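Peer 1: Let me give you the structure first, and then I'll get to my questions.
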Amino acid sequence: MHLRHRPIRLVLTAVAAGVLAVGAPTVALASVTDPSATPATAPAAPSDSQWKQLAHIATTPSVLGVADSGTVLRVVAGTSAADKAKVREQLPAGTPTTVQDSRFSKDTLDKIRTAVTDRAWTGDADKYGVATSYDAATDKVTVYTDAPDSVTKPLTSAYPGDIDLQQARLEPQTSRFADAQPFWAGAALVGSVGALAGKCTAGFAVEQRATGHLYMTTAGHCYANLTHVYSRGQNGAFGNWVGQVTRRSQDLDTELMSGNTAKPYDSFMFTGGLAGSGASMFVHGTEVPDNGTKVCVSGSVSFNHCGHPISNSRFSICYTGGNTCIKDGKGFVYDQGGTNWPRYDNGQLTQPGDSGAPIYTTDDTESGAWIVGGHSGVVMQAGGPCHCSTEHMVGVNIAAITQDLGVEVITR
């Protein structure tokens, strides 16, 4: 089991570096007290037609790229004076573009790009997203990633001064409504036609200790035993086959779906706050629910929302109208949370169809999740100081799920 620490949100501020054109004439700066001094004006940006010409020049074998401002065009290191002169002859008239040498040869630039996307610079690199591009203005390779400094340090150390790191969240064009094998936590589900064929949400991938067989969890009240479960589109349509319910505990409101391949499920989780978002995290470990811990939940109806404090870590319930329960204090209550002092109860609530959703905490990079439990339902409590009804969300303790069902959460 991976141990987690309290999340600390890191805010990184990027500072743009100024660029001095090579070979630019020396300009004497007028005194700020000189009334005759005329403020310098920025050169006009290239027009659309000029940009088309610059883009064509950029396909020349000796050219690495053009700065976004259009003011710098970089040629590969070691380009001859004659070849640079040919490039200058092609520049569109009236542009501020200067031809400057790069520190890179094409082979060196390709080597760095390959090293970045191979993600082999440290053992944990493949857990994070990366993207790379060449910036002609700074003559550096820009690397966009959600990895922390501890992970990227070996990369920047291998190429000192050549890489400009930018924090970014990289999202694939998939979503919880278009999932495919191997299926992820938080995906939208629908059961086959028949009893209990409603909307629910995939919980998290688990492995049976004795056999190594993989399962996906959801809430035990979602589907009857042996029900075939499919991914659900935004319009409610049936998608890919997710699995068949093969084990169901109505005393723990949890059930397991089984696939028919070696790896039907994986340790990733959809965390998008909108229907079409492909935002995700990897599952890195588990955390036992504790009073005061603020958790997130990622359902297929209310989507991903956070800031919900656990108010009761040992909770039992049997729902009205059926025999579905969470017994022996194996559930927990997590509240809306919010910003309205002193009640702090204007946060978001789960909705019907979120049943089974993963409840989790996150780490300081906001890319790894620790599973706290599976979402079960909502209980409404009347009375209290406000003489009103207050809704509380209910989850199933992850420790109870793993111990009672003999499974372990699949992590990265």
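No value in this document is a laboratory result; all are computed from the given coordinates. Here the structure is a predicted model, which means the values were calculated and not measured. Cβ sites come from the backbone with ideal geometry, for glycine too, and all protein chains shown count toward neighbours.
Peer 1: How big is the dipole moment of segment 83-236 about its Cα centre under a simple scheme where the beta carbon of each Lys and Arg is +1, that of each Asp and Glu is -1, and everything else is neutral? Debye, nearest 20, please. Provide the component values of the computation, followed by the final result.
Peer 2: Values: 16 positive and 17 negative charges, 77 e Å.
Once rounded to the nearest 20, the dipole reads 380 debye.
Peer 1: Tell me which residues come under 5 Å, amide H to amide H, from residue 183 once H is placed; ignore anything under 5 positions away on its chain.
Peer 2: The list, which skips near neighbours in sequence, is 265, 266.
Peer 1: Could you work out the local net charge near residue 380, counting Lys and Arg as +1, Asp and Glu as -1, over the other residues with Cβ closer than 13 Å to its Cβ? Spell out each step's value before the answer.
Peer 2: Details: positive: none; negative: 335, 345, 391.
My count for the surroundings of residue 380 gives -3.
Peer 1: Under the Karplus relation 6.51 cos²θ - 1.76 cosθ + 1.60, θ = phi - 60°, what is the ordered set of whole-Hz ³J(HN,Hα) values for segment 155-160, x standing for Gly and Pro?
Peer 2: So the Karplus estimates, Gly and Pro as x, are 5, 5, 5, 6, 10, x Hz.
Peer 1: In debye to the nearest 20, how big a dipole does segment 49-101 give about its Cα centre with +1 on each Lys and Arg Cβ and -1 on each Asp and Glu Cβ?
Peer 2: Values: 5 positive and 4 negative charges, 15 e Å.
Magnitude of the dipole: close to 80 debye.
Peer 1: Here is the link list: 127/330; 52/86; 263/327; 86/153; 106/153. Which ones come out longer than 29 Å on Cα distance? Intermediate values should be presented prior to the final figure.
Peer 2: On the way: 127/330 32 Å; 52/86 18 Å; 263/327 32 Å; 86/153 40 Å; 106/153 24 Å.
Pairs exceeding 29 Å: 127/330; 263/327; 86/153.
Peer 1: Something else about it: Report, by chain and number, residues whose modeled amide H sits under 5 Å from the one on residue 293, excluding near sequence neighbours (fewer than 5 apart, same chain).
Peer 2: Those lying under 5 Å, H to H, from residue 293 are 310.
Peer 1: Which ³J(HN,Hα) values, rounded to whole Hz and listed in residue order, are derived for segment 289-301 from phi using the Karplus coefficients 6.51, -1.76 and 1.60 in 6.51 cos²θ - 1.76 cosθ + 1.60 with θ = phi - 60°, glycine and proline given as x?
Peer 2: x, 9, 3, x, 5, 8, 10, 10, 9, 10, x, 8, 10
Peer 1: Also: What residues have an amide H closer than 5 Å to that of residue 105, excluding those fewer than 5 places away on the same chain, when H is modeled at 1.01 Å from N in the peptide plane?
Peer 2: 77
Peer 1: Under the Karplus relation 6.51 cos²θ - 1.76 cosθ + 1.60, θ = phi - 60°, what is the ordered set of whole-Hz ³J(HN,Hα) values for segment 104-111, x standing for Gly and Pro?
Peer 2: Using θ = phi - 60°, the values come out as 9, 8, 5, 5, 5, 4, 5, 5 Hz.
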